[in-house]
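Undergrad: The structure's right below; bear with me while I get my questions together.
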Protein chains: 2
Amino acid sequence: MSEYKLFCFKESGNAYKAGLMLELCGADWQAEWVDFFNGATRTDDYKESVNEMGEAPVLIHGDVKLSQSGVILQYLSDRFDRFGPRDEAEKYEVLRWTLFDNHKLTSYTGTYRFLSRWAPSADQAVKDFFHARMIGAWTVLEKRLEDRSFVAGSEPTIADISLCGYLFFRDEVGEDAADWPNTTAWLERIKALPGWSHPYDLLPGGPGDA
Amino acid sequence: MSEYKLFCFKESGNAYKAGLMLELCGADWQAEWVDFFNGATRTDDYKESVNEMGEAPVLIHGDVKLSQSGVILQYLSDRFDRFGPRDEAEKYEVLRWTLFDNHKLTSYTGTYRFLSRWAPSADQAVKDFFHARMIGAWTVLEKRLEDRSFVAGSEPTIADISLCGYLFFRDEVGEDAADWPNTTAWLERIKALPGWSHPYDLLPGGPGDA
């Protein structure tokens, strides 16, 4: 049995953040596929026994059970002493960009992608609303990366791992890499980290997947 | 001049989280009103000189400038040694509920309230979408508080201060306190903390306010 177990599915950028961190830290881990698209995270059993918030990812490590990707990133950073802040000021910057990601960038991008790819009956006004907010959040990140290699400083931190989660799916939301040059260069730097792989290669999909 | 300065406005539950924490910690602080409804946070000048994310609240403390309410809460908790976790496990719980608040509860509630109160031309489908998600997030919190006095344990932490931010505006989103008994009892416990006051009493409004 592996040391860490991650409840996850490959279409989830939030699950990817956790899986990528495990890989980048060289953790001994295994994936436990969650059948999200058939409602697995919304069952009473899942909420009782895995996560009351009804979400993936969830990380199991001995008696420790953690949800929310930002918490999993923090926990692994503490355990492996990797991708953390270098000083007190950077600690708040890392948290600031992790919160911005959760509150805005991932929230809008993940919802827009879900609605446009997997919810054929979704209202166009709702999709337009999320698309506009997604572009707003991406614009903040693009500007932030104008004069920085990574979001909080010169080295990658868990804030970068959080923010990149949904951005490797850019083609799925109709965005062109060339229109986001700073973000694209930053994603290339993340791809160059030893252990990186794309979410569709890293995490398990459903039994019907190719 | 006060030790802390908070860029804020009274209609913002996020600004309220920061203002409430300053009050509960007995900080020496002053409010700097931000004219959000006339677009003050979206100007180039504000983004350049105050907050690149184009948001309030922002806390100024000497040379330190912080945005994102969750970061401000963490910073003040570190400075005053108040409302922090009691141990390592609680540290992750506090972060987990703060992230849940940012990602879901505040994100959906704040947006729904904004659209239904201040955006007369907002599409009904968009409002319905946010309302449904808001109710989902409130339901998670209501269940969490079934057997707990506060979100992360028996004492209040910054996770409670984060989550309550928009819930003192419940009447404005058409929700009845009686339908959320655990949440209502918890809000009463927060109101009983020395220094508590309602956002409309604590933070400044526009010059035209009564």
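Throughout, read-outs are computed from the coordinates displayed, never taken from laboratory work. Being a predicted model, the structure only gives us computed values, none of them experimental. Positions of Cβ are generated from backbone atoms using ideal geometry, with glycine treated the same way; all protein chains shown enter the neighbour counts.
Undergrad: Rank A:Ala15, A:Ala185, A:Ala125 by mean-square fluctuation in a GNM of chain A with C-alpha springs under 10 angstrom and give only the top-ranked residue.
TA: A:Ala125
Undergrad: Might you report the magnitude of the Cβ-based charge dipole of the protein assembly as shown about its Cα centre, with Lys and Arg at +1 and Asp and Glu at -1, to the nearest 20 debye?
TA: Rounded to the nearest 20 debye, it is 200 debye.
Undergrad: State the Cα centre-to-centre distance between the stretch A:9-62 and the stretch B:1-60 in whole Å.
TA: 36 Å
Undergrad: Can you give the FRET efficiency for A:Lys47 and A:Glu23, using 1/(1 + (r/R0)^6), R0 = 30 Å, r = Cβ-Cβ distance, to the nearest 0.05?
TA: Computed FRET efficiency for A:Lys47 and A:Glu23 comes out at 0.60.
Undergrad: Classify the stretch A:88-191 as rounded, prolate or oblate, taking a ≥ b ≥ c as the square roots of the eigenvalues of its Cα gyration tensor: rounded when a/c is under 1.5, otherwise prolate if a/b is larger than b/c and oblate if not.
TA: Cα axes put the stretch A:88-191 in the prolate bin.
Undergrad: Still on this model: Relative to the Cα centre, what is the charge dipole magnitude of the stretch B:88-191, using +1 at the beta carbon of each Lys and Arg, -1 at the beta carbon of each Asp and Glu, and rounding to the nearest 20 debye?
TA: Numbers: 13 positive and 17 negative charges, 53 e Å.
With Lys and Arg at +1 and Asp and Glu at -1, about 260 debye.
Undergrad: While we're looking at this one, here's another question. Along the stretch B:136-151, what does the Karplus equation 6.51 cos²θ - 1.76 cosθ + 1.60 (θ = phi - 60°) give for ³J(HN,Hα), rounded to whole Hz, x for Gly and Pro?
TA: x, 5, 4, 5, 4, 5, 4, 5, 4, 8, 4, 10, 9, 6, 9, 4
Undergrad: Restricting to Cα pairs below 8 Å that are 6+ residues apart, what does the relative contact order work out to for the stretch A:18-118? Please round to a whole percent. Present the calculation step by step, with values, prior to reporting the outcome.
TA: Working: 57 pairs, mean separation 16.3, N = 101.
Across the stretch A:18-118, relative contact order equals 16 percent.
Undergrad: Indicate the gyration tensor shape class of chain B (rounded, prolate or oblate), computed on the Cα atoms with a ≥ b ≥ c the square roots of the eigenvalues: a/c under 1.5 is rounded; otherwise a/b larger than b/c is prolate and the rest oblate. Write out the running numbers ahead of the final one.
TA: Details: a/c = 1.62, a/b = 1.05, b/c = 1.54.
Oblate, because a/c is 1.5 or more while a/b does not exceed b/c.
Undergrad: Right, next: Choose one answer from B:Ser154, B:Ser162, B:Ser77: the residue with the largest mean-square fluctuation in a GNM of chain B with alpha-carbon springs under 10 Å.
TA: Among B:Ser154, B:Ser162, B:Ser77, the largest GNM mean-square fluctuation belongs to B:Ser154.
Undergrad: Further, regarding this structure: Under the convention of a label 7 Å out along Cα→Cβ, give the distances in nm from B:Gly39 to the same position in every other copy, shortest first.
TA: 4.6
Undergrad: Compute a Gaussian network model of chain B, connecting alpha carbons closer than 10 Å, and tell me which residue from B:Phe37, B:Phe130, B:Phe83 fluctuates the most.
TA: Its mean-square fluctuation being the largest, the pick is B:Phe37.
Undergrad: Could I ask something else about it? Note down the net charge around B:Asp28, summing +1 for each Lys or Arg and -1 for each Asp or Glu among other residues with Cβ under 13 Å from its Cβ.
TA: 0
Undergrad: Would you mind calculating the relative contact order of the stretch A:88-191 from Cα pairs under 8 angstrom and at least 6 residues apart, reporting the percent as a whole number?
TA: 34 percent
Undergrad: Okay, next question. Out of the stretch A:141-191, which trypsin sites (Lys or Arg not before Pro) are coil in DSSP terms and have no more than 14 other C-beta atoms within 10 Å?
TA: A:Arg148
Undergrad: Let me ask something additional. With label points built 7 Å along Cα→Cβ from the Cα atoms of A:Glu88 and A:Glu3, find their separation and express it in nm.
TA: The modelled label-to-label distance comes out at 3.2 nm.
Undergrad: A further question on this structure: Treat each spin label as a single point 7 Å out from the Cα along the C-beta direction, and report the B:Arg117 to B:Glu188 distance in nm.
TA: 2.4 nm
Undergrad: Quick check: from the Cα gyration tensor, does the protein assembly as shown come out rounded (a/c under 1.5), prolate or oblate?
TA: Cα axes put the protein assembly as shown in the rounded bin.
Undergrad: Let me ask something else. The stretch B:37-72: which trypsin sites (Lys or Arg not before Pro) are DSSP loop and have at most 12 other beta-carbon atoms within 10 angstrom?
TA: none
Undergrad: Any idea what the relative contact order of chain A is, in percent, if you count C-alpha pairs under 8 Å spaced at least 6 apart?
TA: 28 percent
Undergrad: Within 10 Å of each Cβ of A:107-115, how many other protein chain Cβ atoms are there on average?
TA: On the way: counts 6, 1, 0, 1, 3, 0, 0, 0, 1.
Whole-number average of other-chain Cβ neighbours for A:107-115 is 1.
Undergrad: What's the exposure ranking of A:Met1, B:Met21, A:Met134, going from fewest to most Cβ atoms within 10 Å?
TA: Taking fewest neighbouring Cβ atoms as first place, the list is A:Met1, A:Met134, B:Met21.
Undergrad: So what J values fall out for the stretch B:110-124 if you push phi through Karplus, 6.51 cos²θ - 1.76 cosθ + 1.60 with θ = phi - 60°, rounded to Hz, Gly and Pro as x?
TA: x, 5, 4, 4, 4, 5, 7, 9, 10, 10, x, 8, 4, 5, 4
Undergrad: Next question, about the same structure. To one decimal in nm, how far is A:Glu188 from the same spot in the other copies, if labels go 7 Å from Cα toward Cβ? Please give the shortest first.
TA: Spacings between copies for this position, smallest first, are 6.1 nm.
Undergrad: Rounded to whole Å, give me the distance from the Cα center of the stretch A:139-178 to that of the stretch A:77-121.
TA: Cα centroid of the stretch A:139-178 versus Cα centroid of the stretch A:77-121: 10 Å apart.
Undergrad: Report, for the protein assembly as shown, the % of DSSP beta bridges that are antiparallel, rounded to 5.
TA: Looking only at bridges with both residues in the protein assembly as shown, the antiparallel portion is about 60 percent.
Undergrad: Continuing with the same structure: Going Cα to Cα from B:Lys191, which lysines come in below 27 Å? Please leave out same-chain ones fewer than 8 positions away.
TA: By straight Cα distance, B:Lys191 reaches B:Lys5, B:Lys10, B:Lys17, B:Lys91, B:Lys104, B:Lys143.
Undergrad: Here's something else I'd like to know. Sort shortest first the distances from A:Arg79 to its counterpart in every other copy, using label points 7 Å along the Cα-to-beta-carbon line, and give them in nm.
TA: Computed spacing set for this position: 3.4 nm.
Undergrad: Counting DSSP beta bridges in chain A, what percent are antiparallel, to the nearest 5? Could you put the intermediate results ahead of the total?
TA: Values: 8 of 13 bridges.
The antiparallel fraction comes to roughly 60 percent.
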